[in-house]
Amino acid sequence: MSERRPFLAGNWKMNLTVAEAEEYIASLLPRVSGAEGVDVAVCVPFTALAAMVDSTRGSRVQVYAQTMHEATHGAFTGEVSAPMLTELGVHGVVLGHSERRQVFGETDRALAEKLPAALAAGLQPILCVGETEEERERDETERKLRHQVWEGLQDLAPDQVARVAIAYEPIWAIGTGQVATPEQVQEAAAFVRALVGDKVPEAADTVRVLYGGSVKPDNAGELLALPDVDGALVGGASLDAGDFAAMVNAARRAPA
Ligand code: PEP
């Protein structure tokens, strides 16, 4: 049995100005300082990255971006590259969030290039995958997850695969308050882990699989205790520093 460190990431989406972010982080840091053994990240808008890197220095909280471009530089107006993020001291990046895929047309092909670009620059990627409500109803959840996981990981060297955290985020559970059942989460997380194992057998036991979709303090403990769930990507509920800290501390208590 491998030692997979629990990982709690808060996705702020397009929320919090720099001033609001400073207030938030000042409230969060003391609340999570005792969360030994838990990796904690805040995924913040580009505008707040530098300030958050500064304010979290020396703490257990890491700072992630919410997206990046696959190229290192070039004529891509409005985009930000992996080296630009590492220059700021950013630790990681969320890739393929369903809002990026659905609203901004992010493709699996682009993601296959973003993952190696992120790792090459020294960023820890979180790859998001998940089915729509219609796909679940049509019993196409596994087909969708297989496609997204294999496409996303296809250009990685075997030793890079386990460095990607994969967030299973059923789209119907994101921001809806409709959390997936523990059975659904466990089944999908185990399936994602098996897909990674099909590509690189030794990575199956070490890759971290997170769940995302309406995680809150009152359901976090149960979800984080599932055998194939190593943490959570939390959207709306992470905007309250007290609630996010409660979930981080629940990860500390959940049995490995
Ligand atoms: C997310 O944005 O990745 C997410 C899971 O959102 P929420 O927790 O609000 O459902």
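Scan region 81-133 residue by residue and report those that are of a type in the set (Val, Ile, Thr) and under 25 Å from Gln178 (Cβ atoms).
Filtering region 81-133 down to residues of a type in the set (Val, Ile, Thr) leaves 86, 90, 93-94, 103, 107, 126, 129, 132.
Listed by number, the residues that qualify are Val94, Val103, Ile126, Val129, Thr132.
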TODO: Note down all Cβ pairs under 7 Å where the first residue falls in region 233-256 and is modelled with pLDDT of 95 or more, the second is in a loop (DSSP other than H, G, I, E, B) and of a type in the set (Val, Ile, Thr), and they're at least six residues apart or on different chains.
DONE: Val234/Val215; Gly235/Ile174; Ala237/Val215; Met247/Val215; Val248/Val38
Open item on the list: Within region 70-89, take every residue that is touching a helix residue (DSSP H, G or I) at 6+ places or on another chain (Cβ under 6 Å) and buried (at least 19 other Cβ atoms within 10 Å of the Cβ) and give me the one that is nearest to Leu153 (Cα to Cα).
Closed with: Glu70
Open item on the list: For region 169-192, which positions are surrounded by 23 or more Cβ atoms within 10 Å (Cβ to Cβ), without any contact (Cβ under 8 Å) to a residue 40 or more places away in the chain and in a helix (DSSP H, G or I)?
Closed with: none
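Please pick out the residue among Leu119, Leu127, Leu111 that is within 16 Å of the ligand (Cβ to nearest atom), hydrophobic (A, V, I, L, M, F, W, C), without any contact (Cβ under 8 Å) to a residue 60 or more places away in the chain and part of a helix (DSSP H, G or I). Don't jump to the end; show me each part of the working.
Details: Leu119 fails: within 16 Å of the ligand (Cβ to nearest atom); Leu127 fails: part of a helix (DSSP H, G or I).
Matching residue, one of Leu119, Leu127, Leu111: Leu111.
Does region 156-168 contain any residue that is within 15 Å of the ligand (Cβ to nearest atom), modelled with pLDDT of 95 or more and assigned to a helix (DSSP H, G or I)?
Just the residues of region 156-168 that are within 15 Å of the ligand (Cβ to nearest atom), to begin with: 165-168.
Now narrow it down to the ones that are modelled with pLDDT of 95 or more: 165-168.
Of the ones still in play, those that are also assigned to a helix (DSSP H, G or I) are none.
No: zero hits.
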TODO: Of the conditions (1) within 18 Å of Gly212 (Cβ to Cβ); (2) part of a helix (DSSP H, G or I), Glu134 clears all except one; give me its number.
DONE: (1)
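Can you confirm whether Asp218 is out of contact with any Phe, Trp or Tyr (no Cβ under 7 Å at 6 or more places or on another chain) and within 14 Å of the ligand (Cβ to nearest atom)? Walk me through it before giving the result.
Values: out of contact with any Phe, Trp or Tyr (no Cβ under 7 Å at 6 or more places or on another chain): yes; within 14 Å of the ligand (Cβ to nearest atom): yes.
Against the criterion (out of contact with any Phe, Trp or Tyr (no Cβ under 7 Å at 6 or more places or on another chain) and within 14 Å of the ligand (Cβ to nearest atom)), Asp218 qualifies.
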Task: Checklist (1) more than 20 Å from Ala246 (Cα to Cα); (2) in a loop (DSSP other than H, G, I, E, B); (3) at pLDDT 95 or above applied to Ser59, failing item - done: (1)
Open item on the list: Can you tell me how many residues within region 96-122 are closer than 27 Å to Gly58 by Cβ and either hydroxyl-bearing (Ser, Thr, Tyr) or surrounded by 23 or more Cβ atoms within 10 Å (Cβ to Cβ) (or both)?
Closed with: 1
Task: Selection count, region 193-215, where residues are over 16 Å from the mean Cα position of the chain (by Cα) and either within 16 Å of the ligand (Cβ to nearest atom) or among the acidic types (Asp, Glu) (or both) - done: 3
Open item on the list: Take the conditions surrounded by fewer than 15 Cβ atoms within 10 Å (Cβ to Cβ) and either on the phi > 0 side of the Ramachandran plot or touching a Cys at 6+ places or on another chain (Cβ under 9 Å) (or both) and apply them to Gly92. Does it pass?
Closed with: no
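The values are calculated or read from the model by the stated rules, or taken from the named source; none is laboratory data. Every value quoted in this text rests on a predicted model; they were computed, and no experiment measured them. For neighbour counting, all protein chains shown are included, and Cβ atoms are generated from backbone atoms with ideal geometry for every residue, glycine included.
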